[in-house]
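S.K.: Pasting in a structure now, in structure tokens, and then I'll have a few things to ask.
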Amino acid sequence: MKPKFVIGGAVIVLALAYMIWAGVTQSAVYFVTPSELSAAPVDGKAYRLGGLVERGTLHWNPGTLDLTFSVSDGKTSVPVRHRGAPPDLFGEGRGAVVEGRWTGEGYFKATQILAKHSEEYKAPHDSTDARSRGLLKTLERGER
């Protein structure tokens with residue numbers, strides 16, 4: 001075999017390996033838990049914080065778009081502030097991953113909220129609800 005082909009093949013294989021490695025590492029979503037963040041918070045550092053939205057802590061002012069809540073992992077709770085409307089699936093007792101920065105004032109300033117949802121599908125149970133009846137009618141007729 002000619003050395004040119006061996007070197008060219010090695011360069012192609014290395015380039016493909018690098019592209020695969022870079023794609024996997026950049027698409028992986030890692031987040032810290034409230035306990036991990038509270039153990040060693042760094043002021044101004046960007047984090048992804050994941051946990052459950054604590055019940056009784058969610059407050060949203062539609063006039064100012066100020067949203068405050070706390071995220072917990074069952075051991076530690078971290079207060080979060082965000083400016084903007086919450087996502088549709090966002091709510092108390094539900095999982096969320098928030099992107100943002102830790103502040104020296106003792107709260108997490110979120111720039112983006114990613115609401116987690118359950119992987120289980122639950123059909124509407126209350127057939128007296130108008131939306132449920134409409135959904136069931138479209139499913140029975142096979143409409144889309």
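S.K.: Amide H to amide H, which residues 5 or more places from residue 48 or on other chains are under 5 Å from it, using H placed in the peptide plane?
M.R.: Long-range HN contacts for residue 48: 32.
S.K.: Per-residue HN-Hα couplings for region 39-55, Karplus 6.51 cos²θ - 1.76 cosθ + 1.60 at θ = phi - 60°, whole Hz, x for Gly and Pro?
M.R.: Ordered by residue, 3J(HN,Hα) equals 5, 8, x, 10, 4, x, 6, 7, 9, 10, 10, x, x, 9, 6, 5, 5 Hz.
S.K.: Sticking with this structure for a sec: Ordered by residue, what ³J(HN,Hα) values in Hz, to whole numbers, does region 75-87 give under the Karplus form 6.51 cos²θ - 1.76 cosθ + 1.60, where θ = phi - 60° and Gly and Pro are x?
M.R.: Each residue of region 75-87 in turn: 10, 10, 10, 10, x, 10, 10, 9, 10, x, 7, x, x Hz.
S.K.: Enumerate the amide H contacts of residue 91 below 5 Å, restricted to partners 5 or more residues apart or on another chain; note that Pro and chain-start residues carry no placed amide H.
M.R.: none
S.K.: For region 31-115, what percent of Cα pairs sit more than 14 Å apart?
M.R.: In whole percent, the long-distance tail amounts to 57.
S.K.: Kindly state, to the nearest 0.05, the FRET efficiency for residue 112 paired with residue 14, given R0 = 41 Å and r defined as their beta-carbon distance.
M.R.: Once rounded, the FRET efficiency stands at 0.70.
S.K.: With each label point set 7 Å from Cα along the Cα-Cβ vector, what nm distance links residue 35 and residue 83?
M.R.: Once both label points are built, they end up 3.4 nm from each other.
S.K.: Roughly how many nanometres apart are two label points built 7 Å out from the Cα toward the Cβ at residue 92 and residue 5?
M.R.: For residue 92 paired with residue 5, the spin-label model returns 7.1 nm.
S.K.: Quick check: net charge around residue 108, other residues with Cβ under 12 Å of its Cβ, Lys/Arg +1 and Asp/Glu -1?
M.R.: +2
S.K.: Roughly speaking, what is the stretch gain from residue 21 to residue 66, that is 0.36 nm per residue apart minus the C-alpha to C-alpha distance, in nm to one decimal?
M.R.: Roughly 12.3 nm would be gained on extension.
Rule-based calculations on the coordinates, nothing more; no lab input. Just so it is clear, the structure is predicted and the values come from calculations on it, not from any experiment. Positions of Cβ are backbone-derived with ideal geometry, glycine not excepted, and every protein chain shown enters the neighbour counts.
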